[in-house]
1. Could you please find all residues in the range 80-105 being more than 19 Å from residue 49 (Cβ to Cβ), of a type in the set (A, V, I, L, M, F, W, C) and at pLDDT below 85?
2. Hey, can you tell me all the residues within the range 63-85 that are over 16 Å from residue 24 (Cα atoms) and touching a helix residue (DSSP H, G or I) at 6+ places or on another chain (Cβ under 6 Å)?
3. Since residue 4 meets every condition but one in (1) modelled with pLDDT under 85; (2) of a type in the set (Val, Ile, Thr); (3) surrounded by 16 or more Cβ atoms within 10 Å (Cβ to Cβ), which condition does it not meet?
4. Can you name the residue in the range 24-38 that is in contact with a helix residue (DSSP H, G or I) (Cβ under 8 Å, 6 or more places away or on another chain) and either part of a loop (DSSP other than H, G, I, E, B) or polar (S, T, N, Q) (or both) and is also surrounded by the most Cβ atoms within 10 Å (Cβ to Cβ) among such residues?
5. Hey, among 138, 133, which residue is touching a helix residue (DSSP H, G or I) at 6+ places or on another chain (Cβ under 9 Å), assigned to a loop (DSSP other than H, G, I, E, B), farther than 21 Å from residue 47 by Cα and touching a residue at least 40 places away in the same chain (Cβ under 8 Å)?
6. Return the pairs, sorted by first residue and then second, in which the second residue is acidic (Asp, Glu) and in a helix (DSSP H, G or I), the first residue lies in the range 92-110 and is in contact (Cβ under 8 Å) with a residue 40 or more places away in the chain and under 17 Å from residue 42 (Cα atoms), the beta carbons are less than 7 Å apart, and the residues are 6+ apart or on different chains.
7. Can you list residue pairs whose Cβ atoms sit under 6 Å apart, with the first residue in the range 212-229 being more than 13 Å from residue 68 (Cβ to Cβ) and the second being among the aromatic types (Phe, Trp, Tyr)? Count only pairs 6 or more apart in sequence or on different chains.
8. Looking at this structure, is residue 6 free of Cβ contacts under 8 Å to residues at least 60 places away in the same chain and within 19 Å of the chain's Cα centre (by Cα)?
Amino acid sequence: MHRIILNIGPFTLYSYGLCVALGFLISTIFILRDAAKSDLKQSDVVDCLIMVLISGLIGGRLLYVFLNAEYYAQFPLRILMFYEGGLAFQGALAAAVISGVVFTRIKKLSFRKIADLIVPYIALGQAIGRIGCFLNGCCYGKIVEHGFAVTFPGEAVTRMPVQIYSSLFLFVFFLILMKIRKKHFFDGCVFASYLMIYGVFRFFMDLLRGDELSVFYCLKLSQFIGVVTFLCGLLIFFVFKKKKVKS
């Protein structure tokens, strides 16, 4: 675990914040490159990305604070210190989608086209961000005694490196989404596919995590959100597909 990359006087560079920033920067570069090849204006895409980034950070932080309410009730000022770690992606995704829908309606743009452009690179950014989770020691896995495992500083137990597993899957997921986008079955197909596949992925991956409390039998809140994400993606898939048939 390397929580702090650099510390010079009052300036501290955290590995988590660095990886999240790198993920967004790299994804943005590729998104703008692809936007230049499409019929979308780069300026509109940039504005949308800024809106999605801000809302995503707020939504992700709010859900993380909610999941760790007891801790932040004791240290409320740490709510603002998101650069140290602590973004729940499902909250970020929900806020980003809502803001994206609102933005495209105001600008009279196609949400489906912009979503299909962006979502593969969201998976890429997530893959890079999960590396930051591993370096930060958050989002850790269950305790195991055998197999591929890691020991974080301050612990005497070995854990599943689920952050690395997640990162590897998300890199592959990115390639799958790019392949789907290249086929261009219909506008919104990539976005719907992202929601369905990611929802299933989170449901099963979270079975291996050891940092979240169960809220109903053996299931966690994030798994319930994963089910809802999948169902929303499934509904969106058929709605958008039907629109193509009608057109």
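1. 80, 81
2. 63, 65, 72, 79, listed by residue number.
3. Exception for residue 4: condition (3).
4. 27
5. 138
6. Here the result reads 107/44; 109/44, each pair linking the range 92-110 to a residue that is acidic (Asp, Glu) and in a helix (DSSP H, G or I).
7. Hits for this filter: 223/203; 226/203.
8. The answer is no for residue 6.
The values are calculated or read from the model by the stated rules, or taken from the named source; none is laboratory data. All of these numbers come straight from a predicted model, not from anything done at the bench. Cβ atoms come from the backbone with ideal geometry, glycine included; neighbour counts cover every protein chain shown.
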